[in-house]
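Any read-out appearing in this document is the output of simple, stated calculations on the displayed coordinates, not a laboratory observation. From a predicted model like this one, the values you see are computed outputs, not experimental measurements.
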Amino acid sequence: MAIQHLLTQHPGVMSDPQWIALESIGEQTQRFVFDDAMLRILESLGLVEPAGEHWQITERGQRTLHERSA
């Protein structure tokens, strides 16, 4: 397998920063250290959605977090 193959994103596989971002939204962190691009990535994966001035985790995002912690 070529190294380049390992660097491409695969559906259902999240990077460590994506996991950290999702977990921090779940914990309702007051200071989100990632930029809007990360939120848009998580939104495109169906894991978060805008909720007024904040973001919330979708049901799919909740399942994803639960499955990772299990």
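When every alpha-carbon pair in region 15-69 is counted, what percent end up more than 17 Å apart?
Cα-Cα pairs of region 15-69 separated by over 17 Å account for 23 percent.
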Chain lengthening between VAL33 and GLU53 when straightened (0.36 nm per residue, less Cα-Cα): 5.6 nm
Other-chain or far-sequence residues with amide H under 5 Å of THR58's (modelled H): VAL48, GLU49
